[in-house]
Structure formats: C-alpha cells, structure tokens
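This report concerns only the one structure given below.
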Amino acid sequence: MTDASGSCLLRAADLHLSFGPARALAAASFTLRAGEIVAVVGPSGSGKSTLLHCLSGMVVPDEGEVWFHGSPVHTMSEHERSVLRRTRFGVLFQFGQLVAELTAEENVALPLLLAGSRRRSALRAAAEQLDAVGIGDLARRRPTEMSGGEAQRAALARALVTEPEVLFADEPTGALDSAAGASVLRLIEGAATRHGTGVVLVTHDQDVARVAHRRVAMADGRSTVDA
Ligand SMILES: Nc1ncnc2c1ncn2[C@@H]1O[C@H](COP(=O)(O)OP(=O)(O)O)[C@@H](O)[C@H]1O
Ligand SMILES: [Mg+2]
C-alpha cells in the first residue's frame, strides 16, 4: 500500500483508540504539510494528547492509519518507531522534562549523543541551538537554575537540535506566563518558517491556536477540521 497524499508530511485517517471502556479516539483524522503549523484544540479529555501520541508513534491506534511521507507508522515495530522519533521528530511537552542532573547544554546535546554524535560536536551543536533560542549564556546552568520560560526554551532547543521534520508540542506554553509563552511560540513559528518544520501544536488556549495555519478541533475523540 502506498500513501496517496503525496505532499503531506504526516497524515492520519480514522483513528480509534480505547483504554478499557474509555474511548480516547473515535474517528480522528489529521494532515500536516512541511512548514505548516496545525493547532489541535478542544476541551480537556477530548483526545488531543492521545492524537499526538498516535501521530508521533508513541502509541499505536487500535484502528486507523498514520503515514509519515510514504511510510506507514501504524505498522512499524516499536524499534522502528523509536528511531523515527529520535531522528525525524522532535517533541516538546508542557513541562519541558529536562534531565535535572544535566546542564542545559548537555540536555540539548542528548538527542545527538543518542544518535551517535561525538561529545564535542554534540555540545557545539547544542550551544548553537541554545543561542538560536536566545539562552546561549545559560548553557552551563541546570534546569533548577533557570526560570520556567528559560527551561522551556532549552527543552525546545533539545527538540529542534536534530533538525526534525515534525515538531510535536503538547501544551508547550501551558505552564508559562504570557510573555514567556509568547516567546516560545515565536520560536516555534520561526522553526516552521525558516526550516520548514511541520508543527503539531496541541493547546486548549485559543490565543495560542491563533499562530496556527489551520485548526483541528477535537471533541469526544472525534476530529473536525476548520479553516
Ligand atoms: N493511558 C491512559 N489510560 C487510560 N485512559 C486514558 C489514557 N490516556 C488518555 N486516557 C483517556 O482518554 C481521554 C482523552 O485523553 P487525552 O488525550 O489526554 O485528552 P486531552 O489531551 O484532550 O486532555 C480521556 O478520557 C483520558 O482520561
Ligand atoms: Mg492533553
């Protein structure tokens, strides 16, 4: 089977997923093109995070298909999906989830080290990425020595250091004040505009969703697309 939608970076059709009796996804669909920011909006519990988990290959749906370029993510092995996430995807969560024992620079270098880069070149790339998100001077700080906004920028730097084709961001500004949130959103927009990164932006905040090119609205596990 091949993917009919040639220009799509990521495409999902008719996803269903239940956790026991609880239906998290009940017919959710999604498309994303290069350089496009698509907001996934909807109330708490509507299936936004579960959709992101299926799209990024963290979770396999019970039914339905997820395609990345021409490759079926839903039939990949666990190992293939983890390689895909490590090499082609970047992920940013609400609480950056930096490793507390490591400096900002070491945190950002981690994905490169896991991919086999040498320590020196990984740290150099990490320093450049921290510069790009405006916190180059904090490279040697640990997460507890940074503000929430600074730590989230470091987490974004870690998500972008491998130059991913898709950035998955789940409520990336949810824990930040409005100024710090706005700066993280600007950086995400910059990744889409300058590097053609496709962005899946999960948010329950209509203001955040405004930066997106399109919205997918979730309600009770179902998606509806509006312009
Ligand atoms: N791992 C899980 N185990 C059991 N239920 C889950 C799990 N993940 C999500 N759910 C349920 O699926 C529904 C959708 O959850 P979620 O995708 O996290 O919603 P949202 O991100 O929109 O708040 C909710 O009812 C939630 O309780
Ligand atoms: Mg969620």
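Before moving on, here are some points about what is shown:
- Given (1) under 30 Å from Phe68 (Cα atoms); (2) among the aliphatic types (A, V, I, L, M); (3) surrounded by fewer than 22 Cβ atoms within 10 Å (Cβ to Cβ); (4) at pLDDT 95 or above, index of the condition Ala157 fails: (3)
- Subset tally (residues that are more than 19 Å from Val108 (Cβ to Cβ) and more than 16 Å from ligand 1 (Cβ to nearest atom)) for the range 163-190: 7
- Only one entry of Arg214, Arg194, Arg141 meets the criterion of being touching a helix residue (DSSP H, G or I) at 6+ places or on another chain (Cβ under 6 Å) and among the basic types (Lys, Arg), and that entry is Arg141.
- Filter pass, Leu98 being within 16 Å of ligand 2 (Cβ to nearest atom) and on the phi < 0 side of the Ramachandran plot: no
- The helices (runs of 4 or more DSSP H) found entirely in the range 32-150 include none that carry 1 or more residues being among the aromatic types (Phe, Trp, Tyr), surrounded by 15 or more Cβ atoms within 10 Å (Cβ to Cβ) and at pLDDT below 95.
- Residue satisfying all of: in the range 39-83; of a type in the set (A, V, I, L, M) and over 13 Å from the mean Cα position of the chain (by Cα); farthest from ligand 1 (Cβ to nearest atom) among these: Val83
- Contact map, the range 191-219: first residue away from ligand 1 (no atom under 15 Å from the Cβ), second residue part of a loop (DSSP other than H, G, I, E, B) and basic (Lys, Arg), Cβ cut-off under 9 Å, separation 6 or more or different chains; pairs are Gly198/Arg33; His213/Arg33.
- Flag for Val225 being crowded, with 20+ Cβ neighbours inside 10 Å and either in contact with a helix residue (DSSP H, G or I) (Cβ under 6 Å, 6 or more places away or on another chain) or not in a loop (DSSP other than H, G, I, E, B) (or both): no
- Restricting attention to the range 20-56 and to residues that are among the hydrophobic types (A, V, I, L, M, F, W, C) and farther than 21 Å from Gln206 by Cβ, the residue that is farthest from ligand 2 (Cβ to nearest atom) turns out to be Ala34.
- In summary, Leu17 fulfils each of the numbered conditions (1) at pLDDT 95 or above; (2) within 27 Å of Val211 (Cβ to Cβ); (3) within 15 Å of ligand 2 (Cβ to nearest atom); (4) more than 13 Å from the chain's Cα centre (by Cα) with the single exception of condition (2).
The values are calculated or read from the model by the stated rules, or taken from the named source; none is laboratory data. The structure presented is a predicted model; accordingly, all values stated were derived computationally and were not measured. Virtual Cβ from ideal backbone geometry, glycine too; neighbours counted across all protein chains shown.
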